[in-house]
């Protein structure tokens, strides 16, 4: 019962405190209005600049993804073609040379696999580099925007104290 009573009293006090009228706000001086307008303008420009950087970074990533996909497709096609040629050559070999030709075709296929995988790996590495660069550009733009916002807030506060 005591806990219930304590909770009710605490709720009553919290309600009474929060129900009090807010402190009156002093009318803004012309210096504050001017500082706020300047701050709004600089923040809007920073946000616009950040959006531009973000869009450009996203576009670069998208282009890199398309390039990597094209290179991957090209590598797979080249690999399949090299293996097909080697297997066709092995199939057309004489019966006496069949074993040696088949072994050579397998070796050629393994080399084609390695070369294609290396080509794909390089394409994906370039894509990853582009993604990291884009993320860094976005982060830098975000930091710049936050700095402009903080500076604008400080300018308004300084104008308010005059």
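What follows is calculated from the coordinates using simple rules that are stated; it is not laboratory data. All values reported here derive from a predicted model rather than from experimental measurement.
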For this session: Calculate the length of the line joining the C-alpha centroid of region 113-147 to that of region 24-83, in whole Å.
Result: 15
Problem set entry | Value of Rg/Rh across region 47-161 [Cα atoms, Kirkwood radius] | 1.46
